[in-house]
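Peer 1: Input: one structure, supplied below.
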Amino acid sequence: MDFGMARSQGIPTVVAVPSPALSFVIPLYNSAATIGALVKTIESLQVEGGHEIVLVNDGSADATADVCRQLVREVRVPILYIEHARNYGEHNAVLSGWRQSRGAHVVNLDDDGQNPPEEAVRMWAHAKATGLDVVFGHYTVKQHSFWRNAGSWFTNRMTDWALDKPKGFYLSSFRCVSAFVASEVSAHTGPLPYIDGLILQVTQRLGSIEVRHEQRRAGASGYTLRRLMQLWMSAWVNFSVLPLRLATGLGFVMAFAGFVSFGVVLYLRYVDRGPQFGWGSLMAALLLFSGAQLVMLGLIGEYVGRMFFAVKRRPQSVVREIVRGGA
């Protein structure tokens, strides 16, 4: 229950406002062309216990803010508009929405219309029927580009190694979580969050169902190769020391190779054999070992850098404005 204030004969009284059964959290970035139709579709849904819509504008450069404010005035179901002071990334925006959502379950959708709201209701019904904390949408056929699909495949294979999840279990950004999970995960304040990793630290009551994935209604995906690489690093570095262990293993392998090579050189010197000129092989070995050392230093630097951001309390997000509307 939420509690609002009403006045009776000038005396403030507390009025219980029932919490909705389901919250739709939608992170937005340059979504002016798509968000209106998506919100209208969600508004028309019949959800037992009621539903609300939470829009998080993550520093859009187009007219997304104006469209959202107009929706807040027009939509007849409870709706909340959150505006970030700048762009912080999808996962940061989702966490902002989870902190403000009031539903017993929370589902987050993409802003481009590729996640049908009807499928979100199916996920919610499955979560209620099974008692699962989290239900992921597993796409029957993905409508992303080839490189985006390849990136998603790589992320899921990588998280098999780095995260404590069932091997081969499909993670996606189309997910329905209980209010308990949303509350625990959104308590994280680190500047570089990875939501699926945070979820796996909270619960193992996971499930998935097959859902439709539709064509993007307008525009292009905001996930560039750079953003995908940042996501991969967050998945590995934030929740696992596996990269450091791999670097240590690589160091042992390189040291062993160097020891064997040294023995070979001594043997060739002893039998007076071998190439007359060793500059090429020497430079190749030097570049190989130097490259391995730089990779290891880079991994260590990534961990140190993230600790630096956390110690300096770099903000996960800054909310400029919150506007409520609807019934």
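Peer 1: How do 38, 198 line up, fewest other C-beta atoms within 10 Å first? Show your work: numbers first, answer last.
Peer 2: Values: 38 26, 198 20.
Going from least to most buried by this count: 198, 38.
Peer 1: Something else: May I ask you to sort 252, 136 by Cβ crowding, counting other Cβ atoms within 10 Å and putting the fewest first?
Peer 2: 252, 136
Peer 1: With the crude spin-label approximation of a point 7 Å out along Cα→Cβ, what separation in nm comes out for residue 248 versus residue 302?
Peer 2: 1.7
Peer 1: Quick one: what are the phi-derived ³J(HN,Hα) couplings along segment 192-205, Karplus 6.51/-1.76/1.60 with θ = phi - 60°, whole Hz, x for glycine and proline?
Peer 2: Calculated HN-Hα couplings, in order: 10, x, 10, 4, 4, x, 5, 4, 5, 7, 9, 8, 10, 7 Hz.
Peer 1: Which residues' amide hydrogens lie under 5 Å from the amide hydrogen of residue 53, considering only partners 5 or more residues apart or on another chain, with H built in the peptide plane?
Peer 2: Under 5 Å from the amide H of residue 53: 24, 79, 80.
Peer 1: May I ask you to sort 307, 296 by Cβ crowding, counting other Cβ atoms within 10 Å and putting the fewest first?
Peer 2: Exposure proxy ranking, most exposed first: 307, 296.
Where a number appears in this text, it was derived from the coordinates with a stated rule and is not lab data. Note that the structure is predicted; figures quoted are calculated from it, not measured. With ideal geometry, Cβ positions are generated from the backbone for all residues, glycine too; neighbour counts draw on all protein chains shown.
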